[in-house]
Amino acid sequence: MTAAAEMPPLSLFVALYALRVPDRRSPPAIVATEKKPRDLQLADNRKALFDYSIEDRVEAGIALTGTEIKSMRAGHVNLRDGYALIEKGQAWLRNVHIAPWTHAAHDNHEPMRPRKLLMHKEEIIRLAGAVSQKGYTLVPLRMYTKHGRAKVEIGLARGKKRYEKRQVIKEREAAREMQAATRRRI
């Protein structure tokens, strides 16, 4: 027999090389650390989803002061009576309550002040045209942070009639009763 016939296959050498003890002199492998997501849901306007039928949604930034963003991250935001308005080519968020920051010594913000929405000009023009139609309005649906920046989701909404709201309640109750019946049978 020859020396080549007595040699183990090459795949065995590859497997043993993979299992070898790492060399102490080599630099440690760089471990990629995952960034924790900074995206938070700050506020939600569920009443708007009940009172209005939402036809379009737009994301907009908000111009805030330092105490406002601190208060928002603490969860002290109320969107319930808020609305957006377009004046002189600029979008404004009105009637949204952001509670004053309790730890501010001075120079705190006004809780109900109008806040400028940061949007592209084309988006503002498109929304202004849609709002000019009868029965449409702009309502804030939710506030959140995205990559550390405060954002608000604005919905182009048409108000629901009272009978439409009653129909939604009936459908919701019927769905609950069906789920309860299926749970009882199982």
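The values are calculated or read from the model by the stated rules, or taken from the named source; none is laboratory data. The structure displayed is predicted, hence computed values, not measured ones. Note that each Cβ is placed from the backbone with ideal geometry, even for glycine, and that neighbours are counted across all protein chains shown. For the accessible areas, the whole protein counts, side chains as well, though only heavy atoms, and no ligand, DNA or RNA atoms are used. Shrake-Rupley method; radii C 1.70, N 1.55, O 1.52, S 1.80 Å.
Of the set (1) surrounded by fewer than 19 Cβ atoms within 10 Å (Cβ to Cβ); (2) at negative phi, all apply to His147 but (2). Phe50 satisfies every condition listed in (1) open to solvent by 100 Å² or more (accessible area, probe 1.4 Å); (2) at pLDDT 65 or above; (3) farther than 18 Å from Arg115 by Cβ; (4) of a type outside the set (A, V, I, L, M) except (1).
Matching residues to (1) at pLDDT below 85; (2) open to solvent by less than 70 Å² (accessible area, probe 1.4 Å):
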position	(1), (2)
Thr67	yes, yes
Lys88	no, no
His106	yes, no
Pro111	yes, yes
Lys116	no, no
Lys121	no, no
Ile124	no, yes
Ser132	no, no
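Annotation note: of Val77, Val139, Val168, the sole residue that is out of contact with any Pro (no Cβ under 9 Å at 6 or more places or on another chain) and exposed (fewer than 15 other Cβ atoms within 10 Å of the Cβ) is Val168.
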